[in-house]
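Okay, so here's the structure we're looking at.
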Amino acid sequence: MCSTVSSDSVNRIEIEIELHRGRADALEWVSSLSEEEQREPRTRSEHDPESWWTPADHFVHTTPIERSFNEMVRRHLRGEQGMDPAMVDPSGKALRPLEDLMAYVHAFTEGWKKEQQGKPLDELVRIGCAVRADTLSLLAELTDEQLASKIPGAPWSDGTVGGVLSVHAAHARMHRHWSEEGTPTG
């Protein structure tokens with residue numbers, strides 16, 4: 001994932017702008033779709049080829065990832081291994097092989113998709129709003145030194161706390177693109 005936030009210097013203003021713009025863009029996109037379009041199968045699950053993802057699924061998918069990233073940042077700031085324990089090898093010092101990581105992520109996000117399936121858009125927005133509020137609260141609590149701190153093993157953006165927090169807008173844009181480019185099944 002990429003971010004528009006510069007890795008040369010940590011700029012909380014740029015991070016906050018990116019987060020707000022990304023959220024507004026995602027909300028404007030998904031709410032511009034009719035309810036039928038929101039629920040139209042568009043892309044196959046990468047975990048279960050029998051499962052199809054809809055625009056609503058792509059929209060809400062970013063929520064548990066953002067929540068996980070917030071937890072990763074908090075673990076890192078407490079001096080613990082920042083990366084999710086399921087993503088590191090038994091030594092806790094290296095990431096598991098990419099194939100294993102992606103299998104874990106795909107299974108995790110498919111489970112989340114199934115939990116959210118059929119919920120009205122307003123509920124999906126509420127769930128995402130609560131997580132984004134947590135992200136913004138976390139951003140407000142961080143010093144510039146903490147924002148610039150590298151999370152060992154974090155492959156997102158430049159691996160800094162600020163970079164990791166800033167990727168959510170790009171993640172949402174990526175899922176919107178996949179949803180729009182997907183082939184309807186009907």
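The values are calculated or read from the model by the stated rules, or taken from the named source; none is laboratory data. In this text the structure is predicted, and so the values were computed from the model without any measurement. Glycine also receives a Cβ, built like all others from the backbone with ideal geometry; neighbour counts cover every protein chain displayed. Accessible surface areas use protein heavy atoms only, side chains included; no ligands, DNA or RNA. Shrake-Rupley method; radii C 1.70, N 1.55, O 1.52, S 1.80 Å.
The table below gives the values:
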| read-out | value |
| --- | --- |
| Table column - 3J(HN,Hα) (Hz), the range 100-112, Karplus curve with 6.51, -1.76, 1.60, x for Gly and Pro | 5, 4, 5, 4, 4, 4, 5, 5, 4, 6, 5, x, 4 |
| Carbon + sulfur, % of accessible area of the chain - ligands and nucleic acids excluded, 1.4 Å | 53 percent |
| Estimated [θ] at 222 nm from DSSP helical runs (n ≥ 4, -39500 (n - 2.57)) normalised by residues in the chain, nearest 500 | -19500 deg cm²/dmol |
| Principal-axis tilt of helix 55-77 within the chain, Cα atoms, nearest 10 degrees | 10 degrees |
| Long-range amide H partners of Trp52 with built H, under 5 Å | Ser45 |
| Average projected area [Cα convex hull, the chain], square nanometres | 10.5 nm² |
| Only Lys, Arg (+1) and Asp, Glu (-1) charged, at Cβ; the chain dipole about Cα centre in debye | 340 debye |
| Cα gyration tensor, the range 105-168 - rounded (a/c under 1.5), prolate or oblate | oblate |
| Within straight-line cross-link reach of Lys114, aspartates and glutamates at Cα separation under 14 Å, skipping those fewer than 8 residues along the same chain | Glu46, Asp48, Glu50, Asp57 |
| Dmax and Rg, reported as Rg then Dmax, of the range 58-113 (C-alpha, Å) | 12.0, 35 |
| Under 5 Å, built H, 5+ apart or other chain: amide partners of Gly159 | Val164 |
